[in-house]
Amino acid sequence: MSNSNEAKTRAEASFKRKEEQARQGAKAWAEYEAQRRAIADKTERLRALRLAKAVETAGKRKTDA
């Protein structure tokens, strides 16, 4: 095999590796963003539940007094 063919083969292999790394990076980023959104949604839901419970408890205290 000539040097130019070897260089071309190495360059193509390097390019394919970099493409695969880019795809994996994009996939990992999408998964990270999905997890981040899920955590934010869950936090918001739990915060609303705690607030509703606090309002309910405060309302009961007023009626008991």
Per the 1.4 Å probe, what fraction of the accessible area of region 1-52, in percent, lies on carbon and sulfur atoms? 57
Degrees, to the nearest 10: 3-64 long Cα axis against longest axis of the chain: 0
How much mean residue ellipticity at 222 nm does the chain get from its helices, if each DSSP H run of length 4 or more adds -39500 (n - 2.57) and you divide by all residues, to the nearest 500 deg cm²/dmol? -36000 deg cm²/dmol
If you only keep lysine pairs separated by 8 or more in sequence, or across chains, how many in the chain come under 26 Å at the Cα atoms? 7
Measure of size requested: the Rg and Dmax of region 13-65, with Cα atoms as the atom set and Å as the unit; please supply both. 23.0, 78
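The values are calculated or read from the model by the stated rules, or taken from the named source; none is laboratory data. Here the structure is a predicted model, which is why all the values come from computation and not from measurement. With ligands, DNA and RNA removed, areas are computed over all heavy atoms of the protein, side chains included. Shrake-Rupley method; radii C 1.70, N 1.55, O 1.52, S 1.80 Å.
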